[in-house]
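Single-structure report; data block below.
The values are calculated or read from the model by the stated rules, or taken from the named source; none is laboratory data. On a predicted model such as this, the values are computed, not experimentally measured, just so you know. Cβ coordinates were reconstructed from backbone atoms using ideal geometry, including for glycine residues, and neighbour counts include every protein chain displayed. These area figures cover heavy atoms from the full protein model, side chains too; ligands, DNA and RNA do not enter into them. Shrake-Rupley method; radii C 1.70, N 1.55, O 1.52, S 1.80 Å.
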2 protein chains.
Amino acid sequence: MATSTPQTAPGGGLRERKKQRTRDALIRAALELFTEQGYEETTVDEIAEAVDVSQRTYFRYFANKEDVAFAVQEMVEARFLDELTARPASEDPLTALRSAVLVAWDDIGSAIASVVPVELHMRTYRMIESTPTLVASHLRRSSELEERIAGLIARREGLDVDADPRPRVLVAAFCGVMRVAGKVWGEGPDCSVESIRELTQSYLDHIQPAIGGDWRSAR
Amino acid sequence: MATSTPQTAPGGGLRERKKQRTRDALIRAALELFTEQGYEETTVDEIAEAVDVSQRTYFRYFANKEDVAFAVQEMVEARFLDELTARPASEDPLTALRSAVLVAWDDIGSAIASVVPVELHMRTYRMIESTPTLVASHLRRSSELEERIAGLIARREGLDVDADPRPRVLVAAFCGVMRVAGKVWGEGPDCSVESIRELTQSYLDHIQPAIGGDWRSAR
DNA sequence: GAGGCTAATGTCAGCGACTGACAATTGACA
DNA sequence: TGTCAATTGTCAGTCGCTGACATTAGCCTC
């Protein structure tokens, strides 16, 4: 009703808000097209056209065709890193990682709903896992994230990442397991947030015993 | 000396041999160009021209620009898988993986020297690690390899990969650690085969204690 | 509220990766 | 030698992506 109450958060001027809106629109349009007709089958022109901007404009918002597919993931990751930093120093590293992940999954919904429906995000996740090109960049992004996580873990424990291999080793193992969980979930039938959260949790519970050794006895 | 002793392995006709030669030439040319002027700075046309074939022909040998960079890796991986299958059933999974890797590294030289000089392969490895696009596909390829490894491990232990998460979990952790080792090696000064072999070994030695828990005491 | 400043957008031309279609070449084999 | 099929070259076209330049549209000052 008011002539122009600029909602809650949005920074300042109309310019900012407009930019934000085009960006969000591009994301929504892209994800919808990707999930409906497939990533490879969608051209950047289509995405741009759906939002009624030029192709050139798309490329001013996203460096390439892939990036738009990960825009939401990026928010989730930021959430995870925040949570990890906030974990009490008393927790051992593996527990801290585990807790941070689970907390992040818990309030993922509210965080991203402002940009895209959660359900669309879940479908996107699956679509990424089944598109070779996107799997590749997803993995690369994850490995960059890993590096940052290793840094955080090292700091928690008061270690030097380059001198002591344990932070990187632990994080590598941890993230590897996370990835497998995500992949298995993507192939399964249930695409709810709850199901991936539980699968994650169960897989993390297996990491220690799996590495521990005698599989035949401790079944 | 002989008029045409077709070496040891090479299949049959001249046609086959010719194809093999063009393929090898393409690989060598590509790796040389990539390592000298950079991946992004090299065009497929340049590679084709260096071997004196058309661009179209290049794409009949390799599906895309990236694939040629991994042609040698592929041989190494095959070697690793063979070795893993051959490990005695008495070894526990982690030990089998560890041994297979180390054996593979040991006779890597003789295996690939027929296609490219080992030194070029090492430089390629580094070049891959420092080229975002290639890092991405490297990771994707690795994850496909992981799946196959998990299958092998599961068979060794008489398990079902889909029912029991432990094979995938272990392999994910293992491969994660391998990747970190490769990455760290790529950033270091020593690019010899020996150095990566030793780094690998040392990192693998850390995997159990790192996950085990109390980092502060067991230093 | 007119006018200048600058950020955002559109347009256009062009490169490089990749593909399908068709023609030309060249081993293979009777 | 001649036929058949595999390999290669040529050409045209699509799509991702970029630089350069013109155009539009918030923003800010007077």
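When the stretch B:121-149 is examined, which residues are found to be within 18 Å of B:Leu81 (Cβ to Cβ) and without any contact (Cβ under 8 Å) to a residue 60 or more places away in the chain?
Once the filter is applied, which keeps residues that are within 18 Å of B:Leu81 (Cβ to Cβ) and without any contact (Cβ under 8 Å) to a residue 60 or more places away in the chain, the stretch B:121-149 yields B:Arg140, B:Ser142, B:Ser143, B:Glu144, B:Glu146, B:Glu147.
Go through (1) free of Cβ contacts under 8 Å to residues at least 12 places away in the same chain; (2) surrounded by fewer than 17 Cβ atoms within 10 Å (Cβ to Cβ); (3) at the interface with chain B (Cβ under 10 Å from one of its Cβ atoms) and name the single condition A:Pro165 misses.
So the condition that A:Pro165 fails would be (2).
Could you check the stretch B:150-167 and list, in sequence order, the residues that are closer than 20 Å to B:Ala86 by Cα and either in a helix (DSSP H, G or I) or modelled with pLDDT under 85 (or both)?
If the condition is that a residue be closer than 20 Å to B:Ala86 by Cα and either in a helix (DSSP H, G or I) or modelled with pLDDT under 85 (or both), then B:Ala150, B:Gly151, B:Leu152, B:Ile153, B:Ala154, B:Arg155, B:Arg156, B:Pro167 are the ones that fit.
Just to check your reading of the model, which residue among A:Glu32, A:Glu66, A:Glu74 is within 19 Å of the chain's Cα centre (by Cα), surrounded by 14 or more Cβ atoms within 10 Å (Cβ to Cβ) and away from DNA strand C (no atom under 14 Å from the Cβ)?
None of the other options fit; the residue is A:Glu32.
With the requirement that a residue be near DNA strand D (Cβ under 9 Å from one of its atoms) and part of a helix (DSSP H, G or I), what does the stretch A:49-67 give you?
If the condition is that a residue be near DNA strand D (Cβ under 9 Å from one of its atoms) and part of a helix (DSSP H, G or I), then A:Gln55, A:Arg56, A:Tyr58, A:Phe59, A:Arg60, A:Asp67 are the ones that fit.
Can you pull out every residue in the stretch A:199-211 that is surrounded by fewer than 16 Cβ atoms within 10 Å (Cβ to Cβ) and either modelled with pLDDT under 85 or more than 9 Å from every other protein chain (Cβ to nearest Cβ) (or both)?
Scanning the stretch A:199-211 gives A:Gln201, A:Asp205, A:Gln208, A:Pro209.
Among the residues that make up the stretch B:176-198, is at least one of them within 9 Å of another protein chain (Cβ to nearest Cβ), of a type outside the set (Phe, Trp, Tyr), closer than 24 Å to A:Ile153 by Cβ and over 20 Å from the mean Cα position of the chain (by Cα)?
Within the stretch B:176-198, none of the residues are within 9 Å of another protein chain (Cβ to nearest Cβ), of a type outside the set (Phe, Trp, Tyr), closer than 24 Å to A:Ile153 by Cβ and over 20 Å from the mean Cα position of the chain (by Cα).
Out of all the residues in the stretch B:74-123, which are more than 14 Å from chain A (Cβ to nearest Cβ) and of a type in the set (S, T, N, Q)?
B:Thr85, B:Ser99, B:Ser110, B:Ser114
Please state which of the following conditions A:Phe80 fails to meet, knowing it meets all the rest: (1) open to solvent by 60 Å² or more (accessible area, probe 1.4 Å); (2) modelled with pLDDT under 95.
Tallying (1) open to solvent by 60 Å² or more (accessible area, probe 1.4 Å); (2) modelled with pLDDT under 95, A:Phe80 fails exactly one: (1).
Considering only the stretch B:39-60, state which residues are of a type in the set (Gly, Ala, Ser) and away from DNA strand C (no atom under 11 Å from the Cβ).
B:Ala50
Within the stretch B:124-142, take every residue that is within 14 Å of another protein chain (Cβ to nearest Cβ), assigned to a helix (DSSP H, G or I) and open to solvent by 20 Å² or more (accessible area, probe 1.4 Å) and give me the one that is nearest to B:Asp164 (Cα to Cα).
Among residues in the stretch B:124-142 that are within 14 Å of another protein chain (Cβ to nearest Cβ), assigned to a helix (DSSP H, G or I) and open to solvent by 20 Å² or more (accessible area, probe 1.4 Å), the one nearest to B:Asp164 (Cα to Cα) is B:Ser142.
Is it true that some residue in the stretch A:44-60 is in contact with a Ser or Thr (Cβ under 8 Å, 6 or more places away or on another chain), of a type in the set (Gly, Ala, Ser) and surrounded by 12 or more Cβ atoms within 10 Å (Cβ to Cβ)?
yes
Contact list please: Cβ distance under 8 Å, first residue in the stretch A:42-66 and within 14 Å of chain B (Cβ to nearest Cβ), second residue hydroxyl-bearing (Ser, Thr, Tyr) and more than 9 Å from DNA strand D (Cβ to nearest atom), pairs at least six apart or on different chains.
Hits for this filter: A:Glu66/A:Thr133; A:Glu66/A:Ser137.
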